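The values are calculated or read from the model by the stated rules, or taken from the named source; none is laboratory data. Computed from a prediction, not measured in an experiment: that's the story for all the values here. As a convention, Cβ positions derive from the backbone with ideal geometry for all residues, glycine included, and neighbour counts pool all protein chains shown.
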Amino acid sequence: MAALTHSENRDASLLGRMNAWAADVRLRVERFRVFRQTLSEMGALNNKELADLGLHRSELRRVAYQASREVC
């Protein structure tokens, strides 16, 4: 018969899960902030300026999404 040799401290486990959750929320908020800022700044450019960058207005969301994924 097997015996339990390791008991987990539930408070530390809960605290660890809460810290991981808080870190995930902070990361998601930062990524959303970068997405919105990038989209706003690129949306302010006119079509000629976007063409100079090799972009079309329809690509702005994709580019902003990619920029947000580069955060951490």
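The residues in region 41-59 that are surrounded by 11 or more Cβ atoms within 10 Å (Cβ to Cβ) and either modelled with pLDDT under 95 or part of a helix (DSSP H, G or I) (or both) can be counted, and the count is 8. Quick check: anything in region 60-68 among the β-branched types (Val, Ile, Thr), part of a helix (DSSP H, G or I), touching a helix residue (DSSP H, G or I) at 6+ places or on another chain (Cβ under 8 Å) and at pLDDT 95 or above? Taking every residue of region 60-68 in turn, at least one turns out to be among the β-branched types (Val, Ile, Thr), part of a helix (DSSP H, G or I), touching a helix residue (DSSP H, G or I) at 6+ places or on another chain (Cβ under 8 Å) and at pLDDT 95 or above.
Pairing each residue of region 39-54 that is in contact (Cβ under 8 Å) with a residue 12 or more places away in the chain with any residue that is part of a helix (DSSP H, G or I) and not small (Gly, Ala, Ser), provided the two are 6+ apart or on different chains, yields C-beta distances under 7 Å for LEU39/LEU60; LEU39/ARG61; MET42/LEU60; MET42/VAL63; GLY43/LEU60. When the test is whether a residue is at pLDDT below 95 and not β-branched (Val, Ile, Thr), ARG17 passes it. Pairs meeting the criteria (first residue in region 21-32 and closer than 14 Å to ARG69 by Cβ, second residue of a type in the set (A, V, I, L, M, F, W, C) and surrounded by fewer than 10 Cβ atoms within 10 Å (Cβ to Cβ), beta carbons under 7 Å, at least 6 apart or on different chains) are LEU27/CYS72.
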